[in-house]
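See structure below.
Bear in mind that the values in this text are calculations on the coordinates, not laboratory data. Every value quoted in this text rests on a predicted model; they were computed, and no experiment measured them. Cβ placement follows ideal geometry from the backbone for every residue including glycine, while neighbour counts extend to all protein chains displayed.
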Amino acid sequence: MLEEKDLQSIGKLLDKKLDEVISSVNDGFTGVQRELDIIKEDVKLRPTLQQIMNWGDKKIVALELDVDKVKYLHLKEFKNLPSQPEISRVLVEHDLKSKNKPHPKI
């Protein structure tokens, strides 16, 4: 049988190991908390959905106004244009538009 002295030694060893485990777990949580703090700071730097939408609206509105100006300047020509698929086909043939990309190579 174990004597009281042996039980106290075992208790001390268990306490020491328990402290080591608690310390390791605490260090792990501290590291995770640091990472979360970094992520929170990164998120604060990113634009909000509203900021993105406002930026996009400004760009789209300006582009729509520019298209209206071009149409106004070439009103008679716009009335005589072929269908959009025909326009796209001709632009691809003249290497002004890629088959995979809708943007011209200007």
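Things worth noting here:
- Residue pairs, from the table K17/K44; K79/K99; K40/K99; K69/K99, whose Cα atoms sit over 32 Å apart: K17/K44; K40/K99
- Prolate/oblate/rounded call for the stretch 50-106, Cα gyration tensor, a/c under 1.5 rounded: oblate
- Extension reserve of the L63-K79 stretch, reckoned as 0.36 nm per residue once the Cα distance is removed: 3.7 nm
- Each of I52, L81, S9 was placed along the dipole of the chain (beta-carbon charges, centred on the mean Cα), and the one lying farthest toward the positive end is L81.
- A Cβ-based charge dipole, computed about the Cα centre of the stretch 50-106 with Lys and Arg at +1 and Asp and Glu at -1, lands at about 80 debye.
- Model label zone, I39; criterion: amide N under 19 Å from point 7 Å along Cα-to-beta-carbon; scope the stretch 1-28: 26-28
- Three-way shape label, the stretch 1-46, alpha-carbon gyration tensor, a/c 1.5: prolate
- Positive-end residue, the chain charge dipole about Cα centroid, Cβ charges, pick of V32, L63, I22: L63
- Gyration tensor verdict on the chain (Cα atoms; rounded if a/c is under 1.5, prolate if a/b is larger than b/c, oblate otherwise): prolate
- Placing +1 on each Lys and Arg Cβ and -1 on each Asp and Glu Cβ, with no other charges, gives the chain a dipole about its Cα centre of roughly 1100 debye.
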